[in-house]
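As structure tokens, the structure follows; a few thoughts come after it.
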Amino acid sequence: MFGIKRRTKHFLTVICNSIGKFLLYAARLLPLQNKIVFNAWIGKGFCDEPKYILLELLKQKVNAKYIWLVNDLNAETPPQVKKVKYGSWLANFHYITAKIWIDNTKSSPKPQKRLGQFYLQTWHGCWGPKGAEQAVENQLSKEYIEAAKLDASKTDLMYINNEYEKQIYENSFWYDGPVINANFSSLSILLRTPEDVVTKIRKAFDISLDRKIVIYAPTFRNEFSAEVYIWDYERIIRALENRFGGEFVLLVRLHPNIATRELGLKYSSIIKDATQYLDMYELLAASDVLITDISSTMSVMAFAKRPVFLFAKDFDEYAVSDRPLIYPLKKLPFTISRSVDELEKSIIEFDKKAYDFKTDAFMSDIGFHDDGHGAEKICRILLRQL
């Protein structure tokens, strides 16, 4: 009896898959629609560059259908957005019939493009000192490399807000299409922080108005070690309070690659877990100070002229065992600490005037240009495709 049920289930699965493949093939005969399919972090939800592009499209009341691919259909999105299960038959249907695709990762599978479709690959960082894609090809899986190359073959446009990274995009993404200077859409809320974003973060983490916020946002390690993230948070909170005045709350925001791992970090009323909060840019916008290691978040806060402190117990090992650095650390405008003692000293001795001078020199060196209106330029490009 069990064997008959199993064979019946298998038969029905084969039939359903066959019907699905036929319908997707038939969908390629349908005309393209004024529809945009968005994906961020492989179905993670409403965040990153795609989010801020969509918000601008809504602001401009662009006449289009908006499809957002999500792993969780309960994910929050604007009411004008239709949520579709990532990786589903319906997701492929929308890919096949939409005029525009927008994605921030290069490993999410997509169907073969049709004539007249436009794919904007936003990537997920506007500047960083680490090598990426081809620069670290020997550290990437064969499956990822194949997926990234296929994604690049479908991509029509990439963009960036600094000359240094523009060269990286042109030479490190298995991509030979145009890379334009267009400003970063998500950077706008740091250059012109809306008060409602700050209020939203404070409410989400129960932070009173009289407390300042420091965010600790390290990148991941290949071996997923937890040891590098565990240090004396309270001691550094006290140093920040001595240097900048007032009382601080520390938000810990771990990289998405380790977000679901149990690392044994201890939280309290002044040390809060922000790892599952989806929008990193909102967290940064609400924060007064950033502590990170080699994460590209350093540049985001530097562009906004907010204090950044680099700290990692494994700085020297990181470039050897994890990711090579393609920008000299000594040219960064930030202090670099390898112990809590050094980090405490860097905070106490922080000189805002000297920091601003170094930050200006850094932005000049990388050819940074961003006025916080990146989403508007991208939307003008997208409107030509609808």
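The values are calculated or read from the model by the stated rules, or taken from the named source; none is laboratory data. Here the structure is a predicted model, which means the values were calculated and not measured. FYI the Cβ positions are ideal-geometry reconstructions off the backbone, even for glycines, and counts take in every protein chain you see.
In the stretch 227-254, the residue that is modelled with the lowest pLDDT out of those that are surrounded by 15 or more Cβ atoms within 10 Å (Cβ to Cβ) and within 28 Å of Ile42 (Cα to Cα) is Val228.
When Asn183 is tested against (1) closer than 27 Å to Ile53 by Cα; (2) modelled with pLDDT under 90; (3) assigned to a helix (DSSP H, G or I), just one condition goes unmet, and that condition is (3).
The residues of the stretch 123-158 that are modelled with pLDDT under 95 and assigned to a loop (DSSP other than H, G, I, E, B), listed by number, are Trp123, His124, Gly125, Cys126, Trp127, Gly128, Pro129, Gly131, Ala132, Leu140, Ser141.
Quick grid of which residues meet (1) modelled with pLDDT of 95 or more; (2) more than 30 Å from Lys65 (Cα to Cα):
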position	(1), (2)
Tyr327	no, yes
Glu342	yes, yes
Lys345	yes, yes
Ala354	yes, yes
His373	no, no
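Scan the stretch 164-184 for residues that are over 20 Å from Tyr327 (Cα atoms) and hydroxyl-bearing (Ser, Thr, Tyr) and the total you get is 1.
In the stretch 84-97, the residues that are assigned to a helix (DSSP H, G or I) form Cβ pairs under 6 Å with partners that are among the basic types (Lys, Arg), at six or more places apart or across chains, as follows: Tyr95/Lys110; Ile96/Arg28. What's the total number of residues in the stretch 200-213 that are within 24 Å of Glu234 (Cα to Cα) and either part of a helix (DSSP H, G or I) or under 19 Å from the mean Cα position of the chain (by Cα) (or both)? Number satisfying all stated conditions: 4.
For Thr219, the conditions (1) assigned by TED's automatic domain parsing to the domain that holds Val252; (2) within 19 Å of Leu382 (Cβ to Cβ); (3) among the hydroxyl-bearing types (Ser, Thr, Tyr) are fulfilled apart from (2). Close contacts from the stretch 245-270, counting a first residue that is outside the structural domain of Ser296 (by TED's automatic domain parsing) and a second that is at pLDDT below 65, with Cβ to Cβ under 6 Å and a gap of 6+ residues or different chains, come to none at all.
To keep it simple, each residue is scored yes or no on (1) touching a helix residue (DSSP H, G or I) at 6+ places or on another chain (Cβ under 9 Å); (2) in the same structural domain as Gln33 (by TED's automatic domain parsing).
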residue	(1), (2)
Arg306	yes, no
Glu349	yes, no
Ala354	no, no
Ala361	yes, no
Cys379	yes, yes
